[in-house]
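> Sharing a structure, written as structure tokens. Questions coming.
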Amino acid sequence: MSTDRYQSPLSERYASKEMQYIFSPDMKFRTWRKLWIALAETEKELGLNITQEQIDELKAHAEDINYDVAKAREKEVRHDVMSHVYAYGVQCPKAKGIIHLGATSCYVGDNTDIIVMTKALELVKKKLVNVMKELADFADRYKAQPTLAFTHFQPAQPTSVGKRATLWLQEFCLDLEDLDHVLSHMKLLGSKGTTGTQASFLELFDGNQELIDKIDPMIAEKMGFRECYPVSGQTYSRKVDTRVANVLAGIAASAHKMSNDIRLLQHLKEVEEPFEKGQIGSSAMAYKRNPMRSERIASLSRYVMIDALNPAITSATQWFERTLDDSANKRLSIPEGFLAVDGILDLCLNVVDGLVVYPKVIEKRLMSELPFMATENIMMDAVKAGGDRQELHERIRILSMEAGRNVKVEGGENNLLELIAADPAFNMTLEDLRKTMDPSRYIGRSREQVEAFLKNVMEPVLKENEELLGIKAEIHV
């Protein structure tokens, strides 16, 4: 590692080797060469004077890129594509005259961008599905574990730990739907020429429209795509980048929501992210166990959500058939958005896989609030025993306020049950009241909702994507 210049933390600390390779120079320039081979093969198959010997020569040097020659040439001509055309030609003297024939720079640049983003989306999908699998297992494991639910971060009706996890899981399901839609609609630019009119191919093929119509579909097939965009300027529409970045931002938003909830639950000591044996939580406070992985998820997620603005603005400001003010921005916003989401999903996988639940802490907090929540059931039981509903409602209100004062002002325990037992209007003993304090009576259909969600939503998703399952995340720091 170089220590005398800036290094991107996305590469050094957060993103996986797999995602870094997808956006590496090797991936980029090898794809350029594959595209040049696909173009040459297509032109040969459609009748241009290109020999198999030339094709074979191109294929023989598809992987061994002579970067030194390309770099030296770019210093002279200040054009990256033509520098690599030259370098490829140095290795392939017989084929150098037909490399890039009829194409413009965006033939390799833009098609490669689409190919790279597609592969990156596939890796994102793989990691997302694994996060969803871990969350589904967690939800199933704790589907019946009562816990205090919050609205406005104020105590509300109980839910279950597993039911809360399905809320996180459902948001990731929506992200997967968006990802699948965008992934299934990725198309190549094809070979459209300098303004998208394929004028150069009219010249090459003597105006034969039928042959020209075959070029894009043949290139798409050779590169593993169903089709190319039917019309374009020099570039594919930058709205494609916007769609991709929005998928990444959606995943980041879901991860952020989950990580925030986990951070709050860790503050309450109910749920805790993994904490390794030798991990230090604070340089000053040795007892601390900070939720640093969940905090990192939130931090990177905010970056990705804001980053989605870059492609949207670039798309909106392209002039006519092409301007170059997209290039520098794309080199940053697209790779870094993917690298950040890759890191986010690795963190999510690590956190969810190792989440620690503390049932006794959860029960203690729930039981401290449950008497308030049980008052309606208590009131109904008292009515069945002959009490007056309106009178009992008023008595409950007064006693609840007194119990609340005891907790908040005096710092005491919730003594509502004792107060009710001492009130003759209810005609109930403390033992009778305590029998109503089973938390499972107050979680509604939490368990059944979790089971239905896992069966009806998650099982089909996981079955459809079972070949992607089984990965573990490696956290660098």
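> Which count do you get for residues in the range 46-89 that are among the charged types (D, E, K, R) and in contact (Cβ under 8 Å) with a residue 40 or more places away in the chain?
Selection size over the range 46-89: 1.
> When only residues in the range 255-291 that are assigned to a loop (DSSP other than H, G, I, E, B) and among the polar types (S, T, N, Q) count, which is modelled with the highest pLDDT?
Checked the range 255-291; the qualifying residue modelled with the highest pLDDT is N290.
> Right, another one. Tally up the residues in the range 174-203 that are within 13 Å of the chain's Cα centre (by Cα), of a type outside the set (A, V, I, L, M) and surrounded by fewer than 18 Cβ atoms within 10 Å (Cβ to Cβ), please.
Total satisfying the criteria: 3.
> Look at the range 113-161 and say how many of its residues are under 18 Å from M258 (Cβ atoms) and in a loop (DSSP other than H, G, I, E, B).
5
> Give the residue that is nearest to A328 (Cα to Cα), with candidates limited to residues of the range 63-80 that are of a type in the set (A, V, I, L, M) and surrounded by 18 or more Cβ atoms within 10 Å (Cβ to Cβ).
A70
> Something else now. Restricting the first residue to the range 298-318 and requiring it to be under 14 Å from E336 (Cα atoms) and touching a residue at least 60 places away in the same chain (Cβ under 8 Å), which pairs with a second residue that is crowded, with 21+ Cβ neighbours inside 10 Å and charged (D, E, K, R) meet a Cβ separation below 6 Å and a spacing of at least six or different chains?
P311/D241
> So E459 clears everything in (1) at pLDDT 95 or above; (2) surrounded by 16 or more Cβ atoms within 10 Å (Cβ to Cβ); (3) not hydroxyl-bearing (S, T, Y) except one condition, right? Which one?
(2)
> Please state which one of V240, V247 is of a type outside the set (K, R), crowded, with 22+ Cβ neighbours inside 10 Å, touching an Asp or Glu at 6+ places or on another chain (Cβ under 7 Å) and within 28 Å of W32 (Cβ to Cβ).
The match here is V247.
> Would you point out which residue out of A252, A220, A245 is in contact with a strand residue (DSSP E or B) (Cβ under 6 Å, 6 or more places away or on another chain) and either within 30 Å of V352 (Cα to Cα) or assigned to a helix (DSSP H, G or I) (or both)?
On inspection, the qualifying residue turns out to be A220.
> For K163, indicate whether it is closer than 19 Å to K330 by Cβ, touching a residue at least 40 places away in the same chain (Cβ under 8 Å), basic (K, R) and crowded, with 18+ Cβ neighbours inside 10 Å.
In short, no.
> Looking only at residues in the range 1-24 that are in a helix (DSSP H, G or I) and either basic (K, R) or in contact with a His (Cβ under 6 Å, 6 or more places away or on another chain) (or both), which one is surrounded by the most Cβ atoms within 10 Å (Cβ to Cβ)?
The extreme case among them is R13.
> Identify, from the list V356, V383, V407, the residue that is among the aliphatic types (A, V, I, L, M), over 22 Å from the mean Cα position of the chain (by Cα) and closer than 30 Å to M292 by Cβ.
Going through V356, V383, V407 in turn, the sole match is V356.
> Taking the criterion of being out of contact with any Leu (no Cβ under 7 Å at 6 or more places or on another chain), surrounded by 13 or more Cβ atoms within 10 Å (Cβ to Cβ) and of a type in the set (A, V, I, L, M), would at least one residue in the range 395-414 satisfy it?
Within the range 395-414, one or more residues are out of contact with any Leu (no Cβ under 7 Å at 6 or more places or on another chain), surrounded by 13 or more Cβ atoms within 10 Å (Cβ to Cβ) and of a type in the set (A, V, I, L, M).
> For the range 164-185, check the following and say yes or no: at least one residue is in a loop (DSSP other than H, G, I, E, B), among the basic types (K, R) and farther than 30 Å from T104 by Cβ.
The answer is no, given that none of the residues of the range 164-185 is in a loop (DSSP other than H, G, I, E, B), among the basic types (K, R) and farther than 30 Å from T104 by Cβ.
> Residues being out of contact with any Ser or Thr (no Cβ under 6 Å at 6 or more places or on another chain) and in contact (Cβ under 8 Å) with a residue 12 or more places away in the chain: count how many of those fall in the range 170-184.
Going through the range 170-184 one residue at a time, the tally reaches 9.
> Just one of the numbered conditions (1) touching a Pro at 6+ places or on another chain (Cβ under 6 Å); (2) more than 27 Å from D175 (Cβ to Cβ) is not true of G354; which one?
(2)
> Please go through the range 21-80 and pick out each residue that is of a type in the set (K, R) and closer than 26 Å to D216 by Cβ.
Across the range 21-80, the qualifying residues are K28, R30, R33, K34, K44, K59.
> For the range 68-86, give me each residue that is farther than 24 Å from T235 by Cα and out of contact with any Phe, Trp or Tyr (no Cβ under 8 Å at 6 or more places or on another chain).
Once the filter is applied, which keeps residues that are farther than 24 Å from T235 by Cα and out of contact with any Phe, Trp or Tyr (no Cβ under 8 Å at 6 or more places or on another chain), the range 68-86 yields D68, K71, A72, K75, E76.
> Next up: Where in the range 292-397 are there helices (runs of 4 or more DSSP H), lying fully within it, with 2 or more residues that are under 30 Å from T242 (Cα atoms)?
The qualifying helices (runs of 4 or more DSSP H) are 292-307, 309-316, 327-353.
> Which residues, taken from the range 420-477, are in contact (Cβ under 8 Å) with a residue 24 or more places away in the chain, in a loop (DSSP other than H, G, I, E, B) and either among the basic types (K, R) or at positive phi (or both)?
N427, G444, G470, K472
> Is the range 109-128 home to any residue that is without any contact (Cβ under 8 Å) to a residue 12 or more places away in the chain and of a type outside the set (A, V, I, L, M)?
No, the range 109-128 has no match at all.
The values are calculated or read from the model by the stated rules, or taken from the named source; none is laboratory data. Values in this document were obtained by computation on a predicted structure and should not be read as measured data. Positions of Cβ are generated from backbone atoms using ideal geometry, with glycine treated the same way; all protein chains shown enter the neighbour counts.
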